[in-house]
Amino acid sequence: MSNKWTEHSVPRQDNRVAVVTGANTGLGFETARVLAERGATVVLAVRDVEKGKQAATRIAEQVPGADLAVQRLDLTSLESVRTAAAELHATHPRIDLLVNNAGVMYPPRQSTRDGFELQFGVNHLGHFALTGLLLDQLLPVPGSRVVTVASVAHRVRADIHFDDLQWERSYNRIAAYGQSKLANLMFAYELQRRLASQGTTISVAAHPGMADTDLSRYVPAPVRLITPVIGPLITQKASMGALPTLRAATDPEVLGGQYYGPAGRREIKGHPRAVASSDLSHDETVQRRLWDVSEELTGVKFPI
């Protein structure tokens, strides 16, 4: 496969319905924009509906005739996730593509409305629940995919801390982010194993490398100070960061269980290709345990 895969490599997506979480900004916006440009019906699933409408307007300005919808989805609330899933069942009974993109990174210790540590709750549990609630709309659709956006941070001080998943005893925002991104990968792999016998839907993971997005708002102050100087050297535009997600979502050669990221050194920048994740991310025993705990915490059982 060529390492020069670009947004122009995305095949036509006519008659396909794509749900993209966190689509009002950054990677999600760029993913939604390209999918719309290639003909998909795109649902922007966002916490702030007004910002979602503004994003849809910006896409429509670039893509005349784009078929767009905005769906309220607050991943900090399982009630909101259930409401969004119910509304999507009514408006889009068939879904071809679910992109679990939204996320938070390095915030001060906060909890979701259900009492989960914010990064684990939003990045992993919210998307776990959403996927489980929407999966029956994907399973009958040939070629349907679930794409979960992870991060190179799944290697950074990362483990699944089953003895303190919500960081109640002590909190390290970098390690907590690493746990949430490791959980994203483990979910993607375990989901693929459970989907394998279905023969229609596949689960794929992707990461953007180091992309210039709103996620950096909580980056420590010393790093923010030097970002104007080193940023151009170590980050890429959101439009490039979205390419691994787009390839995972649309390339006909993609296989279930693969992981896509930038082809450059340390997977920081570059065009997307299949990449490897940490040994720990492939630990099937931990994957299954995480799945069971996630079902218990969210109350969501998957129809597979």
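The values are calculated or read from the model by the stated rules, or taken from the named source; none is laboratory data. Small disclaimer: the values here were computed from a predicted structure and weren't measured. We place every Cβ from the backbone using ideal geometry, glycine too, and count neighbours over all the protein chains shown.
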Confirm whether Gly103 is out of contact with any helix residue (DSSP H, G or I) (no Cβ under 9 Å at 6 or more places or on another chain) and either crowded, with 22+ Cβ neighbours inside 10 Å or in contact (Cβ under 8 Å) with a residue 60 or more places away in the chain (or both). no
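If a residue has to be closer than 18 Å to His207 by Cβ and either among the aliphatic types (A, V, I, L, M) or in contact with a Cys (Cβ under 7 Å, 6 or more places away or on another chain) (or both) to count, how many in region 11-31 make the cut? Show your work before the answer.
From region 11-31, those closer than 18 Å to His207 by Cβ are 20-23, 25-31; that's our starting set.
Add one more test, that the residue is either among the aliphatic types (A, V, I, L, M) or in contact with a Cys (Cβ under 7 Å, 6 or more places away or on another chain) (or both), and what stays is 20, 23, 27.
Count: 3.
Scanning for something modelled with pLDDT of 90 or more, surrounded by 12 or more Cβ atoms within 10 Å (Cβ to Cβ) and either more than 16 Å from the chain's Cα centre (by Cα) or outside any strand (DSSP E or B) (or both), does region 209-227 turn up at least one residue?
The initial filter retains those residues of region 209-227 that are modelled with pLDDT of 90 or more, namely 209-210.
Now restrict to residues that are surrounded by 12 or more Cβ atoms within 10 Å (Cβ to Cβ): 209-210.
Cutting the leftovers down to either more than 16 Å from the chain's Cα centre (by Cα) or outside any strand (DSSP E or B) (or both) gives us 209-210.
Yes, region 209-227 contains at least one residue that is modelled with pLDDT of 90 or more, surrounded by 12 or more Cβ atoms within 10 Å (Cβ to Cβ) and either more than 16 Å from the chain's Cα centre (by Cα) or outside any strand (DSSP E or B) (or both).
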Of Glu296, Glu253, the only residue that is over 26 Å from Val81 (Cβ atoms) and of a type in the set (Asp, Glu) is Glu253
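Table: residues versus (1) within 20 Å of Val46 (Cα to Cα); (2) touching a helix residue (DSSP H, G or I) at 6+ places or on another chain (Cβ under 7 Å); (3) assigned to a loop (DSSP other than H, G, I, E, B).
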site: Leu134; (1), (2), (3): yes, yes, no
site: Ala158; (1), (2), (3): no, yes, yes
site: Arg169; (1), (2), (3): no, no, yes
site: Ala188; (1), (2), (3): no, no, no
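Going by what's in this entry, would Glu37 be described as loosely packed, with under 15 Cβ neighbours inside 10 Å and out of contact with any helix residue (DSSP H, G or I) (no Cβ under 6 Å at 6 or more places or on another chain)?
Details: loosely packed, with under 15 Cβ neighbours inside 10 Å: no; out of contact with any helix residue (DSSP H, G or I) (no Cβ under 6 Å at 6 or more places or on another chain): yes.
So Glu37 fails the test.
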Given the conditions (1) small (Gly, Ala, Ser); (2) free of Cβ contacts under 8 Å to residues at least 60 places away in the same chain; (3) within 15 Å of Ala188 (Cα to Cα), and given that Gly264 satisfies all but one, which numbered condition is not satisfied? (3)
Restricted to region 139-193, and to residues that are modelled with pLDDT under 95 and of a type in the set (Lys, Arg), which residue is nearest to Pro262 (Cα to Cα)? Arg155
Any pair with Cβ under 7 angstrom, 6 or more apart, that starts in region 49-71 at a residue that is exposed (fewer than 14 other Cβ atoms within 10 Å of the Cβ) and ends at one that is at pLDDT 95 or above: Gln62/Arg33
